[in-house]
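Enquirer: What follows is a structure written as structure tokens; I'll ask about it next.
The values are calculated or read from the model by the stated rules, or taken from the named source; none is laboratory data. As the structure is a prediction and not an experimental result, all values here were calculated from the model. FYI the Cβ positions are ideal-geometry reconstructions off the backbone, even for glycines, and counts take in every protein chain you see. Remember, those area values only see protein heavy atoms, side chains included, never the ligands or the DNA or RNA. Shrake-Rupley method; radii C 1.70, N 1.55, O 1.52, S 1.80 Å.
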Amino acid sequence: MSDHPIFTDDDDFSQLHPDDDDFVEDIPDEEYIEVEDEDDIQEQPAPVLERPKFSMPLRNQETAHEKAASQIHRQESLSPGGSDAAGDAPLPPAEAPAEAAAEEVITYRYRIALVLSPEVETQVKALRQAVNLPDAEIGILTLLPDFRTDNLDDVQEILEEWVQDHLPLETTLESIEARTIGSQRYLAAWQLSPAEPMLQAQEALSDNLSQYITPEETGLPFQSRLIIADHTPPKIFPLLVREMQTQFERLTWQMDTLELLRAPEDDARWEVLEKFV
């Protein structure tokens, strides 16, 4: 509270000075305002202003996005095996999403076959369709039983060398072969000639690969033949043999390409992995 008295608008202040001793005595009584003792005056509390309410978080609260960004920043700032300035333990690495999980290792079966001429492929397809058999698997003129291997690079290198040494081979459809193996296995094939060059080439390939592959057991020794259908249904087998006899045509062609095929375990969908010419 100020110690100075209060004056009206009509008072003349031109002759008044705060340092004059008669400063108060010159004030008319009716103009003097008596004030309360300073000790009796209580200060009024300052009015409280309400903070506007907003939907944004307080300063010490983080949104989910800010937390994620903060965590990434802290992980990047940590040196390997170290900790941050605050002494916190390093954060564990983020888990990889399910889509990025390691793929399951696929085990393959392999097949080696000579490539047929387009004319021979057409004949094989027509014979099977005539008796309502599905199209033949690719790579039907096989030189070895299907096999497994952990040494694919060695197998491919041997095949490259074998092709240079034994191809091309010239062959001819010579005759029809119809066999019953055991009690329920029916095989229909074309015999190929001359047989000797193919038998020698097959024997050399089998010897070179023997330490690198594990063949499946088929029960059939290699012969110079082209199988049209194996494990033929009993009711269809005589129909197929009759169709082969009716449509037989002596064809000669030259084989100069070898295929390495593969298929996943328990799957008959073969694909060409590599061709050797």
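Enquirer: Here's a check for you: in the range 148-162, which residue that is within 15 Å of residue 273 (Cβ to Cβ) and in contact with a Leu (Cβ under 8 Å, 6 or more places away or on another chain) is surrounded by the fewest Cβ atoms within 10 Å (Cβ to Cβ)?
Expert: Step by step, filter the range 148-162, then rank; the result is 156.
Enquirer: Same structure again: From the list 243, 170, 249, 265, pick out the single residue that is surrounded by 14 or more Cβ atoms within 10 Å (Cβ to Cβ) and of a type outside the set (Gly, Ala, Ser).
Expert: Of the residues listed, the single one that is surrounded by 14 or more Cβ atoms within 10 Å (Cβ to Cβ) and of a type outside the set (Gly, Ala, Ser) is 243.
Enquirer: Got at least one residue in the range 210-220 being open to solvent by 60 Å² or more (accessible area, probe 1.4 Å), β-branched (Val, Ile, Thr), touching a residue at least 12 places away in the same chain (Cβ under 8 Å) and farther than 20 Å from residue 120 by Cα?
Expert: Taking every residue of the range 210-220 in turn, at least one turns out to be open to solvent by 60 Å² or more (accessible area, probe 1.4 Å), β-branched (Val, Ile, Thr), touching a residue at least 12 places away in the same chain (Cβ under 8 Å) and farther than 20 Å from residue 120 by Cα.
Enquirer: Residue by residue through the range 179-202, note down the ones that are closer than 23 Å to residue 252 by Cβ and surrounded by 14 or more Cβ atoms within 10 Å (Cβ to Cβ).
Expert: 188, 189, 190, 191, 192, 193, 195, 197, 198, 201, 202
Enquirer: Can you pull out the residues in the range 169-220 that are farther than 30 Å from residue 238 by Cβ, over 42 Å from the mean Cα position of the chain (by Cα) and of a type in the set (D, E, K, R)?
Expert: Residues satisfying the conditions are 170, 196.
Enquirer: Given the range 142-242, what strands (runs of 3 or more DSSP E) lie entirely inside it while holding 2 or more residues that are of a type in the set (D, E, K, R)?
Expert: 169-181
Enquirer: Of 128, 111, which residue is basic (Lys, Arg), part of a strand (DSSP E or B) and either surrounded by 19 or more Cβ atoms within 10 Å (Cβ to Cβ) or over 29 Å from the mean Cα position of the chain (by Cα) (or both)?
Expert: The match here is 111.
Enquirer: Sticking with this structure for a sec: Looking at the range 143-184, which of its residues are hydroxyl-bearing (Ser, Thr, Tyr) and touching a residue at least 60 places away in the same chain (Cβ under 8 Å)?
Expert: 149, 171, 172
Enquirer: Pairs needed: first member in the range 185-203, among the charged types (D, E, K, R); second member anywhere, assigned to a strand (DSSP E or B); C-beta distance under 9 Å; at least 6 residues apart or different chains.
Expert: Pairs found: 185/179.
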